[in-house]
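Presented below is the structure to which this report refers.
The values are calculated or read from the model by the stated rules, or taken from the named source; none is laboratory data. These numbers come from a predicted model, not from an experiment. Quick reminder, even Gly has a Cβ in these numbers, built from the backbone with ideal geometry, and neighbours come from all protein chains shown. Keep in mind that these areas ignore ligands, DNA and RNA; they rest on the heavy atoms of the full protein, side chains included. Shrake-Rupley method; radii C 1.70, N 1.55, O 1.52, S 1.80 Å.
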Amino acid sequence: MAQAERIMDSVDTFSVARSAAYMRIKDGDFNDALSAEEKALQSAEDRFGKVHPSMVPVLNDLAMIHRYLGHYAQTETYFKWGLAIREKALGPDDPLVAESLSHLAALYDDWGRWQDGEFFARRALSILEKQPVKSSHDISQSMILLAEIELNFKKTMEAQNLLEKSRELQEKGEVANPMERTDLLNLLAKAYEANKRFSDAESCLNKSLEITEKNLAPDSVERADALEALGNFYHSQVKPDKAQPLYESALKIFKRFVGVN
């Protein structure tokens, strides 16, 4: 009976701490969120032990809060801890290992450590591609992450090839949400522009704008972003007559969120 009560107390403390961290993140209070998530980690350790796979979601949440705060070294520590737990418990080729690898790859991309990011992103993609039952959505998203790193690494043809494959998977496989489709199209436009395929870049940006106009509110930030991205493209092509109305439309939306100053 006493053991059961201790478990229930641990579960309750764990749930309360994680809920508090989530709410504080939503409010933008990352320092308080960090304190709450650290309490959740302690409760999880008491309940599961330090090397149980159930620890990893808490470690990942802690890592993400540190990432929001720009604490990249701490973020790396928690992501690597989670990766080590999953590799030991699940084996090196489990899809959850690929998830942990992708977290590290995205961190290294933010950090400007593109060689490290490329290594972890390639490993994650390799794991997903050799699963007996493949998820076209997960593979597509993994390709996008690797392509983004390759673009930052100035490997523009590699990025273009990955993004074209990802687009094929999106069109043939599971239905991607509108923002995933626009993220892909915007990255593909960057790759096409870097590789001097300007008409293809323009087509991608127009398609991205079309998706936002079809699926999101007319005054959404996402639509303003799409208008601005297409305006930037025309500006780079020295077509101010096409860029200006797009910028003006985007500005009207942005003013609602940031004020007129």
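What to note about this one:
- Only one entry in ALA73, ALA147, ALA159 is under 30 Å from GLU37 (Cβ atoms) and of a type in the set (A, V, I, L, M, F, W, C), namely ALA73.
- Listed by first and then second residue, the pairs linking a residue in region 190-206 that is without any contact (Cβ under 8 Å) to a residue 60 or more places away in the chain to a residue that is of a type in the set (D, E, K, R) and in a helix (DSSP H, G or I), with Cβ atoms under 8 Å apart and 6 or more places separating them unless they lie on different chains, are TYR192/ASP200; ALA201/LYS190; ALA201/GLU193.
- Restricting attention to region 187-215, the residues that are open to solvent by 50 Å² or more (accessible area, probe 1.4 Å) and under 13 Å from LEU227 (Cβ atoms) add up to 3.
- Scanning region 247-261 for residues that are outside any loop (DSSP other than H, G, I, E, B), open to solvent by 80 Å² or more (accessible area, probe 1.4 Å) and among the aliphatic types (A, V, I, L, M) gives LEU251, VAL258.
- Every residue from region 129-148 that is open to solvent by 50 Å² or more (accessible area, probe 1.4 Å) and assigned to a loop (DSSP other than H, G, I, E, B): LYS130, PRO132, VAL133, LYS134
- For region 10-57, taking the residues that are of a type in the set (Asp, Glu) and open to solvent by 100 Å² or more (accessible area, probe 1.4 Å), the one that is modelled with the lowest pLDDT is identified as ASP27.
- ASP116 being open to solvent by 50 Å² or more (accessible area, probe 1.4 Å), in a helix (DSSP H, G or I) and in contact (Cβ under 8 Å) with a residue 40 or more places away in the chain: no
- Restricting attention to region 64-103 and to residues that are of a type in the set (A, V, I, L, M, F, W, C) and at pLDDT below 95, the residue that is least open to solvent (accessible area, probe 1.4 Å) turns out to be ILE65.
- Qualifying residue in region 71-85 (condition: of a type in the set (Lys, Arg), more than 30 Å from ARG24 (Cα to Cα) and in contact (Cβ under 8 Å) with a residue 12 or more places away in the chain): no
- Flag for LEU151 being closer than 25 Å to PHE120 by Cα, touching a residue at least 40 places away in the same chain (Cβ under 8 Å), under 15 Å from the mean Cα position of the chain (by Cα) and crowded, with 18+ Cβ neighbours inside 10 Å: no
- Positions within region 221-246 being touching a helix residue (DSSP H, G or I) at 6+ places or on another chain (Cβ under 7 Å) and part of a loop (DSSP other than H, G, I, E, B), in sequence order: GLN237
- Filter pass, ASP32 being more than 20 Å from the chain's Cα centre (by Cα), under 30 Å from THR156 (Cα atoms) and not polar (S, T, N, Q): no
- Verdict on SER126 being modelled with pLDDT of 95 or more, open to solvent by 30 Å² or more (accessible area, probe 1.4 Å), hydroxyl-bearing (Ser, Thr, Tyr) and under 26 Å from LYS190 (Cα atoms): yes
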